[in-house]
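Trainee: Please see the structure below; I have some questions.
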Amino acid sequence: MAMSNPYQTYQNNSVTTASPGELTLMLYNGCLKFTHLAKTAIKQKNIEEKNQNILKAQNIIQELMVTLNMDQEVSKNMMSLYDYIHRQLIQANINNDIAILEEVEGFVTEFRDTWKQVIQLNRKQQYGTQGGQA
């Protein structure tokens, strides 16, 4: 049996062993990657690549939408924001609009950074020192 690509094996393992919080972080990072690639494609007038990358970003936003727990008030707010981002991605794709993609990147970067802080705080609470010290 031939050895598979070691990088691909690592990628597969990192996804299959990630916690739900880490998976969400990966989704945010993926969305940022694809919006960046779409901006580059627009600048290079590569419409097919732009379309593919924006569609990938849209798919990630849709995945984030379906994973929300709508029993939580914050999820209702996030759903509205995700819906807005999704509609903006459609407009960016139709109009080849880099400014819209930059707006999307701003939102997603803020979500990612906040989520990263939540993961870190959760880890501190889980594995931190006993006795109320931070």
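The values are calculated or read from the model by the stated rules, or taken from the named source; none is laboratory data. All of these numbers come straight from a predicted model, not from anything done at the bench. Using ideal geometry, Cβ is built from the backbone for each residue, glycine included, and neighbour counts are taken over all protein chains shown.
Trainee: I need every pair where a residue in region 31-48 that is β-branched (Val, Ile, Thr) has its Cβ under 8 Å from the Cβ of a residue that is assigned to a helix (DSSP H, G or I) and at pLDDT below 95, sequence separation at least 6 or different chains.
Mentor: Every condition considered, no pair remains.
Trainee: Only residues in region 103-123 that are without any contact (Cβ under 8 Å) to a residue 60 or more places away in the chain count as the first member; pair them with residues that are part of a helix (DSSP H, G or I) and of a type outside the set (Val, Ile, Thr), Cβ under 7 angstrom, at least 6 apart or cross-chain, and list the lot.
Mentor: These pairs meet every condition: Glu103/Gln88; Phe107/Leu81.
Trainee: Another one. Which residue, of Gln44, Gln58, Gln52, Gln91, is under 15 Å from the mean Cα position of the chain (by Cα), at pLDDT 95 or above, farther than 16 Å from Gly21 by Cα and polar (S, T, N, Q)?
Mentor: Criteria check complete, one pass: Gln58.
Trainee: While we're here: Among the numbered conditions (1) on the phi > 0 side of the Ramachandran plot; (2) among the charged types (D, E, K, R); (3) in a helix (DSSP H, G or I), tell me where Arg87 comes up short.
Mentor: Exception for Arg87: condition (1).
Trainee: When you check Leu121 against the structure, is it on the phi < 0 side of the Ramachandran plot, over 13 Å from the mean Cα position of the chain (by Cα) and outside any helix (DSSP H, G or I), yes or no?
Mentor: Here the answer is no, as Leu121 does not meet what is asked.
Trainee: Residues to consider are Asn69, Asn53, Asn77; find the one that is among the polar types (S, T, N, Q), without any contact (Cβ under 8 Å) to a residue 60 or more places away in the chain and in a loop (DSSP other than H, G, I, E, B).
Mentor: It is Asn69.
Trainee: Also, quick follow-up: Looking only at region 89-117, filter to residues that are under 18 Å from Gln44 (Cβ atoms) and out of contact with any helix residue (DSSP H, G or I) (no Cβ under 7 Å at 6 or more places or on another chain); which one of those is surrounded by the most Cβ atoms within 10 Å (Cβ to Cβ)?
Mentor: Checked region 89-117; the qualifying residue surrounded by the most Cβ atoms within 10 Å (Cβ to Cβ) is Glu102.
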